[in-house]
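For reference, the structure is listed below as structure tokens.
The values are calculated or read from the model by the stated rules, or taken from the named source; none is laboratory data. Model, not experiment: these values are computed from the prediction. Counting neighbours? That spans all protein chains shown, and the Cβs are built from the backbone with ideal geometry, glycine included.
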Amino acid sequence: MCGISTIVTRNPDPSYRGIIEKMTELVRHRGPDNFGTMSLLGGTVHLGHTRLSIIDISDEANQPMGMEKSGFWIVYNGEVYNHIEIRAELERLGYTFRTRCDTEVVLNAYHAWGIDCLKRLNGMFAFVIVDTENKKLFAARDRLGVKPLYYYCIPGKLICLASEIKQFTALPFLKPGSIPRGSTTILLMACWITRMKPCSTWCINSKADSICKQA
């Protein structure tokens, strides 16, 4: 079990570096072995991850994880059961690996096959991949929806994704103190925050004004 968080904003704002850290800190219990955040694309995309080390416990497998020379980055939660077989297939295509973890396999698989990589993944997962070259994000959730992924969106301004609803309380305009008296935080936030459906994918541009949902 790991924790992931992502913020995409239309315009750079240094304050979101602190916000992504707070969002990620709120799921420290999901990944006690490592805590990492990163800002990309001039500060318009922010990634956070807390890691529970299982397959590969080395620091090389920490996240956010980048793919050398490709400009691809990933935050990932889950387990791909057939990652060894997919790794072998990718190696035959010329891909090399520096870790034994399935995260790197998923990242390389998306680089090789794009959205069709999901047809090869047998497991439970939720992840966000950033393609800095084409300034796009790709988010996906497993077929049965075992691993959670929630989102909050202000079209044309902000898109956030996270493993747990409480992470959104790190957003200054969704703090418990901003909730009207007489309402509970969880009920009001449930009106604003949506759980990404199982077996669904998102393609998001880096300006937070275009989302392509696919089933």
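For region 98-116, the set of residues classified as surrounded by fewer than 21 Cβ atoms within 10 Å (Cβ to Cβ), at pLDDT 95 or above and within 26 Å of ASP33 (Cβ to Cβ) consists of HIS111 only.
Apart from one condition, VAL8 fits all of (1) under 14 Å from the mean Cα position of the chain (by Cα); (2) modelled with pLDDT of 95 or more; the exception is (2). Number of residues in region 66-108 that are small (Gly, Ala, Ser) and within 20 Å of ALA126 (Cβ to Cβ): the value is 2. Of the residues SER70, SER39, the single one that is in contact (Cβ under 8 Å) with a residue 60 or more places away in the chain and either in a strand (DSSP E or B) or surrounded by fewer than 21 Cβ atoms within 10 Å (Cβ to Cβ) (or both) is SER70. Is it true that some residue in region 150-157 is among the aliphatic types (A, V, I, L, M) and closer than 15 Å to VAL8 by Cβ? Yes; the residues of region 150-157 include at least one that is among the aliphatic types (A, V, I, L, M) and closer than 15 Å to VAL8 by Cβ.
With the requirement that a residue be out of contact with any strand residue (DSSP E or B) (no Cβ under 7 Å at 6 or more places or on another chain) and not in a helix (DSSP H, G or I), what does region 98-143 give you? Please lay out each step first, then the result.
Restricting attention to region 98-143, the residues satisfying the condition of being out of contact with any strand residue (DSSP E or B) (no Cβ under 7 Å at 6 or more places or on another chain) are 98-101, 109, 112-114, 116-117, 119-120, 133-134, 143.
Answer for region 98-143, where residues must be out of contact with any strand residue (DSSP E or B) (no Cβ under 7 Å at 6 or more places or on another chain) and not in a helix (DSSP H, G or I): ARG98, THR99, ARG100, CYS101, ARG120, GLU133, ASN134, ARG143.
Restricting region 50-67 to residues that are over 13 Å from the mean Cα position of the chain (by Cα) and among the polar types (S, T, N, Q) leaves a set whose member that is surrounded by the most Cβ atoms within 10 Å (Cβ to Cβ) is ASN62.
Every condition in (1) aliphatic (A, V, I, L, M); (2) at pLDDT 90 or above; (3) surrounded by fewer than 19 Cβ atoms within 10 Å (Cβ to Cβ); (4) over 26 Å from GLY71 (Cα atoms) is met by ALA170 except one, and the failing one is (3). When the test is whether a residue is at pLDDT below 95 and closer than 17 Å to GLN167 by Cβ, HIS29 passes it. Just one of (1) under 17 Å from LEU52 (Cα atoms); (2) in a loop (DSSP other than H, G, I, E, B); (3) in contact with a helix residue (DSSP H, G or I) (Cβ under 6 Å, 6 or more places away or on another chain) fails for TYR95. It is (1). For ARG10, the stated conditions hold: it is touching a residue at least 24 places away in the same chain (Cβ under 8 Å), basic (Lys, Arg) and under 20 Å from LYS135 (Cβ atoms).
Go through region 144-172 and give me each residue that's assigned to a loop (DSSP other than H, G, I, E, B) and either in contact with a helix residue (DSSP H, G or I) (Cβ under 6 Å, 6 or more places away or on another chain) or more than 19 Å from VAL27 (Cβ to Cβ) (or both).
As a first pass, look at region 144-172 and keep what is assigned to a loop (DSSP other than H, G, I, E, B): 144-149, 155-157, 163-164, 171.
Passing the criteria: LEU144, PRO155, GLY156, LYS157.
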